[in-house]
Amino acid sequence: MMQPIHIEHTSAPKPRPKASDIGFGKYFTDHMFILDYDDGKGWHDARIQPYQPITLDPAAKVFHYGQAIFEGLKAYRTEAGNLVLFRPEMNIKRLNRSNDRMSIPVIDEELVLEALHQLVLIDQTWIPHEPGTSLYIRPFVIATEDMLGVSPSKQYKFMIIMSPVGAYYDEGVKPISIYVESEFVRAVAGGVGHVKTAGNYAAGLKAQEGATLQGCAQVLWLDGVHRKYVEEVGSMNVFFHLGDKIVTPALTGGLLPGITRDSVIHLLRYWGLKVEERLFSIDELVQVQKDGNLKEMFGTGTAAVISPVGSLVWKGETLTIGDGSIGELAAHLYETITGIQTGRIEDPFGWRVVL
Ligand code: COI
């Protein structure tokens with residue numbers, strides 16, 4: 001039987017941020033969920049409590065060996081007034097794949113779904129209303145045992161925090177510039193690139209700084225072995241619209257199986273378009289751009305939704321994608337995905353989960 005979730009309501013609700021100021025991940029709601037793990041006891045003491053700092057021993061393993069994973073999903077308020085999650089079961093399954101890869105004990109999926117339901121219900125007034133906004137939900141697990149030996153922690157905390165958000169990029173839905181990284185790599189097959197562990201993001205920061213210096217919003221990673229095949233952007237998967245087909249890098253083990261990626265592939269095929277999941281080299285990408293066959297490039301992700309790419313910087317050269325503005329397909333996908341999420345349009349796949 002699923003363990004109960006104990007609820008302690010805040011007695012000091014926080015002021016809500018102004019819609020024009022929410023940005024991404026700057027403000028947090030009034031409550032958070034916590035579940036503890038102790039060896040021998042399993043996952044226990046599920047609770048929702050007022051949002052507050054936590055205390056950890058300086059020797060907690062997360063600080064030293066990075067045993068930490070996270071997820072990202074969103075809650076929406078539909079025009080009819082329902083509260084909705086988008087494909088949460090996909091996030092919960094990936095959470096446990098990440099847990100398993102990082103030697104963290106898996107968590108009861110039913111309990112995670114119930115925790116998401118209850119937390120969103122309690123903080124439902126934090127779901128913003130303006131177009132392009134939502135409530136971003138960040139579940140994560142950290143290793144808390146205070147012991148410096150390199151071994152799986154015997155204690156963990158699983159927590160869920162939530163933040164009202166607008167667009168992830170400062171550009172909003174305008175096309176971004178992306179820097180193709182040729183020195184650093186993000187991940188290799190057999191490593192941890194296919195799961196959502198904190199270290200993947202820390203490892204990308206150095207290249208991200210370089211990209212910023214080049215005036216780019218993000219880094220496009222190439223595979224770590226051949227340094228040749230396009231993988232992902234770190235905060236998004238990528239799609240290329242070439243001629244009459246859409247190409248996206250195959251899930252070869254070094255990139256994250258995004259839930260928006262999966263949704264986009266489903267939608268494109270539902271619309272009768274040809275989607276190829278395959279190896280796609282930077283040389284092929286440059287060639288199709290030079291031949292004038294690269295109509296669009298866009299990124300997909302929970303935070304980023306559908307994010308058009310206007311140009312790529314590769315080996316000092318700037319390659320403009322299409323005419324540099326948002327492409328037709330990216331715009332249609334953005335409207336459709338956000339429409340399904342917010343109940344504006346029909347959901348033929350049963351992706352909306354009404355709370
Ligand atoms: C997401 O899209 O939810 C992500 O986790 C990407 C990023 C904000 C780290």
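Taken together, the values in this text are just the output of simple stated rules run on the coordinates, not laboratory data. Model, not experiment: these values are computed from the prediction. Neighbour counts run over all protein chains shown; Cβ positions are idealised from the backbone, glycine included.
For the reader, a short list of remarks on this structure follows.
- Rounded to whole numbers, the Karplus 3J(HN,Hα) couplings from phi for region 313-321 are 10, 9, 6, x, 9, 9, 9, 7, 9 Hz, using 6.51 cos²θ - 1.76 cosθ + 1.60 with θ = phi - 60°, and x at Gly and Pro.
- Computed over region 113-235, the Cα gyration tensor eigenvalues convert (square root of 5λ each) into semi-axes of 29, 26, 11 Å, ordered from largest to smallest.
- The alpha-carbon atoms of region 282-351 define a convex hull whose volume equals 110 cubic angstrom per residue.
- Burial ordering of Arg97, Arg87, fewest other beta-carbon atoms within 10 Å first: Arg97, Arg87
- Met2-Thr78 pseudo-label distance in nm [points 7 Å out on the Cα-to-Cβ vector]: 2.0
- For region 142-188, the ratio of Cα radius of gyration to the globular rule of thumb 2.2 N^0.38 Å stands at 1.99.
- Structure-based [θ]222 nm, the chain - -39500 (n - 2.57) summed over DSSP H runs of at least 4, per residue, nearest 500: -7000 deg cm²/dmol
- Hydrophobic, long helices, defined as DSSP H runs whose alpha-carbon span along the helix axis is 18 Å or greater and whose mean Kyte-Doolittle value is at least -1.0, occur in the chain at 109-122, 328-341.
- The ranking of Thr78, Thr144 from fewest to most other beta carbons within 10 Å of each one's beta carbon is Thr78, Thr144.
- Counting only Cα atoms, region 222-355 measures 48, 32, 25 Å along its principal axes, largest extent leading.
- Rounded to the nearest 20 debye, the dipole size of region 145-290 about its Cα centre is 240 debye, using +1 on the Cβ of Lys and Arg and -1 on the Cβ of Asp and Glu.
- Calculated P(r) of region 1-149 - Cα pairs past 17 Å, %: 67
- Between the C-alpha center of region 210-285 and that of region 28-89 there is a gap of 29 Å.
- Seen from Ile345, the other residues with C-beta closer than 12 Å to its C-beta sum to a net charge of -2, counting Lys and Arg as +1 and Asp and Glu as -1.
- Checking the Cα-Cα distances for Lys18/Lys315; Lys26/Lys228; Lys41/Lys206; Lys14/Lys157; Lys74/Lys274; Lys93/Lys290 against a 31 Å cut-off, the pairs over it are Lys18/Lys315; Lys26/Lys228; Lys41/Lys206; Lys93/Lys290.
- Each Lys and Arg contributes +1 and each Asp and Glu -1, all at the Cβ; summed about the Cα centre of region 49-128, the dipole is approximately 320 debye.
- Of all DSSP-defined beta bridges confined to the chain, some 80% are antiparallel rather than parallel.
- Length gained when the stretch Asp100-Thr212 is fully extended (0.36 nm per residue, less Cα-Cα span): 36.9 nm
- Neighbour net charge for Glu317 - beta-carbon separation under 15 angstrom, K R +1, D E -1: 0
- Residue order, fewest to most surrounding Cβ atoms within 10 angstrom, among His44, His332: His44, His332
- Approximate spin-label separation Thr55-Glu183, in nm, with each point projected 7 Å along Cα-to-Cβ: 4.3
- Residues whose amide H falls under 5 Å from that of Lys228, counting only those 5 or more places apart or on a different chain, are Asp223, with hydrogens built in the peptide plane.
- On the principal axes of its alpha carbon atoms, region 117-158 extends 49, 21, 12 Å, with the longest extent given first.
- For region 170-277, the spread of Cα positions along each principal axis, largest first, Å: 40, 34, 24
- Where a label projected 7 Å from the Cα of Lys174 along Cα→Cβ would reach, residues of region 269-301 with amide N under 19 Å: 297-299
- Ordering of 9-17, 305-313 by burial proxy (mean other Cβ atoms within 10 Å per residue, highest first): 305-313, 9-17
- 3J(HN,Hα) from dihedral phi, region 55-66, Karplus parametrisation 6.51/-1.76/1.60, rounded to Hz, x for glycine, proline: 9, 10, 5, x, 8, 3, 4, 4, 6, 9, 10, x
- Cα centroid of region 104-182 to Cα centroid of region 322-355, whole Å: 22
- Alpha-carbon Rg/Rh ratio, for the chain, with Rh computed the Kirkwood way: 0.97
- Amide hydrogen proximity for Glu276: with H placed 1.01 Å from N in the peptide plane, the residues at 5 or more positions away or on another chain lying under 5 Å are Ile246, Val247, Thr248.
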